[in-house]
Each structure stands twice: as C-alpha cells, then as structure tokens.
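Read the figures in this text as sums done on the coordinates, not as results from a lab. It should be emphasised that the depicted structure is a prediction, and the values quoted were computed from it without experimental measurement. Because the Cβ atoms are built from the backbone with ideal geometry, glycine has one as well, and the counts that use them run over all protein chains shown.
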Amino acid sequence: MKQSKHAISGILALVMTILLFSQCKDKATNTPGETNTPDEAGSQDLSIVYVDVDSLLVHFNFYNGLVSALEDKASKQNSSIKSSAQKFENEVLSFQQKAQNNAFLSQERMTQEQTRLQRMQDDIQQRAAQMQQELALDQAVLQQQLSDSLVLGIKEFNTPKKYSLILTKSGNSILYADKQFDITNDVIEFLNKRFKSEKE
C-alpha cells in the first residue's frame, strides 16, 4: 500500500501541474485585438498557493474510501490464499507420514497422490498470481478515479479563478513555503463536501 500512496502522490503532483499549465494558458490567451503591454502583464495580481498532498490524501474521504475498499479486498484474498496454503501444507505432511510408514497400498496410489498435491500447489500459485494482477488493476483504477476526481474538484474549487497558480507540496518538492499560502484545509473541506453531495 505504501507504494500505491507514493504513486498516488506522484499522480496528484502531475494533476496539479496540468491544472497549473491549463490555467496559465487560459490567462495567456487574449481576445482578438487585445495585447498585454509589459506594464499591464506585470501589474496583474498573481496569487500563488499550495496544497500539501500528504495531508490532502489523509483527509480526503473519497480517497480513503477507495483505499479502504482495496485494502479489504487484498486482506480477504490474502486470507483465502493463506488458508489454501495451510491446507496444502497439512496434506503434504500427511503424505510424507504415509510414505514413511508405507501406508500406500501401491506405488501407483502414491504417484496419484503426488500428482494431486502438485496440481493443488499449482492451483494455489495460479490463484495468488491472478489475485496480484487483479489488485494491480484495481490500484490503477483507484489512481485514475482519484486523478479524475481531483482534476474536476480543483477546477471547481478555483472556478472564480481565485488563484493564478496552485502548486503541490509533497515531501521536499517545495523548499520553502509560507504557511499563509497553504490552502490544503480549504481544498480538503471543499472536496469532501463535493464528494458527500455526489453520494447523496
């Protein structure tokens, strides 16, 4: 799960960058015949804020719901595989004891039991591999859902174009940021309200 959180942090940073460039592009496009002189461009109010990605992910209900569902599924699958593996180990021990005690009626019966145990082991390995693939696909879907939700949510949050730039702060990507420019809590509150209204 830690890898998925790092990947999601990276996706969130990418989403914010895309939003940043699209907003800059929108502001740079002028109506026909309109030009900005250097003085006018310099006098425009440039408001820059940032969102702490780690805090956002911790408090974003939509994301937490997705991660919780994925973790539950992974836990159930792990329990299923562990149970099958334990049953297999017990049967292997039973086979070994029978082989040592010459409890098989014939060599053919012993070979049949070995073949059955081998198939059982192969089945467990295939199921485990299939479950890993399913979880990887689910994780990719989760990342896409989060990305889509954040792109729409941040655009909606900034609809009146309150801010010229919204940066992400994750780890050490921003070396210094004054706390007054941190809008993380505002974004979390907005996104959670938006998510709650979508559910109703």
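Once the Cα-Cα distance is subtracted from the 0.36 nm per residue extended length, the A177 to A129 segment shows a gain of 12.8 nm. One decimal place: the segment Q100-S75 gains 5.3 nm when fully extended, by the rule 0.36 nm per residue minus the C-alpha distance.
Cross-link pairs exceeding 30 Å in C-alpha to C-alpha distance, out of K76/K169; K76/K98; K82/K193; K73/K161; K155/K199, comprise K76/K169; K76/K98; K82/K193; K73/K161. Cβ crowding within 10 Å, taken as a proxy for footprinting-reagent exposure, orders L66, L165, L150, L93 from fewest neighbours to most as L93, L165, L66, L150.
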